[in-house]
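Accompanying notes for the structure given below.
Just so you know, all these numbers are worked out from the coordinates, no wet-lab data involved. These figures come from a predicted structure and were not determined experimentally. Heads up, the Cβs are rebuilt from the backbone with ideal geometry, glycines too, and the neighbour counts pull from every protein chain shown.
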Amino acid sequence: MIESSEIDTKLKHELNPQLWVKNHGDYLYNFAYYRVNNKEVSEDVVQETFIAALKAQKSFRGESTELTWLLSILKRKVIDYFRKVSSGKERTVSDYTLPFQDEGMFEGHWLNNRLPKDWSTDADNSLNQEEFQQILEVCLSLLPPKWRSVFVLKFMEELNSDEVCKEAGCTPSNFWVIIHRARLKLRECIENKWL
């Protein structure tokens, strides 16, 4: 009969830092790049991840794979990056044109020349999805840093609103304003560059 301590030992994963770059470097870089949309920043956060992992080797309990452990460190580094850039100057609403009427009985309705365009029913094919991903990355890079960080943390990292507010240093009401404005700018950018 196998004892539970033998099973625990067999399920434990080992670290092999000498092979991290070879085995996981590309995956971690792509993961980071998809979130920060910047080659140099992606390289930096992956490097910071490896350094942090080397320093924290003794805390690795072997309950997850090496890649899962490195990925959890990388996610924290990406969040740290967004926290750092989100502390920069935030633009005001007057810096951007809004697609709504701001007075009269139609206040809050779409301006006729800014109505959302029809999206193709053909958007499901893989070529369109790949093209859309590229356009989305470009459009995300055009957002102000704080807006981009809030949007990525909420919708790509899937943090809850309270966690995003804590990481980005914003209030809940400011969070929803940022999300609203980021969505408007992304919609406008995607329509202009893709549709």
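Worth pointing out:
- Burial ordering of Ser173, Ser42, fewest other beta-carbon atoms within 10 Å first: Ser173, Ser42
- Here the Karplus relation 6.51 cos²θ - 1.76 cosθ + 1.60, evaluated at θ = phi - 60°, turns the backbone of region 176-190 into coupling constants of 5, 5, 4, 4, 4, 5, 4, 4, 4, 5, 5, 4, 4, 5, 5 Hz, with x for every Gly and Pro.
- Too-long pairs where the Cα-Cα distance tops 30 Å, listed order kept, from Lys39/Lys146; Lys22/Lys185; Lys22/Lys55; Lys77/Lys185; Lys22/Lys146: Lys22/Lys185; Lys22/Lys146
- Lys55 versus Glu131: modelled label distance in nm, points set 7 Å from Cα along the beta carbon direction: 4.6 nm
- Taking other C-beta atoms within 10 angstrom as a stand-in for reagent exposure, Glu167, Glu158 fall in the order Glu158, Glu167, fewest first.
- Phi to ³J(HN,Hα) by Karplus 6.51 cos²θ - 1.76 cosθ + 1.60 over region 162-173, Hz, x for Gly, Pro: 5, 5, 4, 4, 5, 5, 8, x, 10, 7, x, 5
- J(HN,Hα) series, region 133-148, from Karplus relation 6.51 cos²θ - 1.76 cosθ + 1.60, nearest Hz, glycine and proline x: 4, 5, 5, 4, 4, 4, 5, 4, 5, 8, 6, x, x, 5, 4, 4
- Modelled label positions at Ser141 and Phe155, each set 7 Å beyond Cα in the direction of Cβ, lie 1.8 nm from each other.
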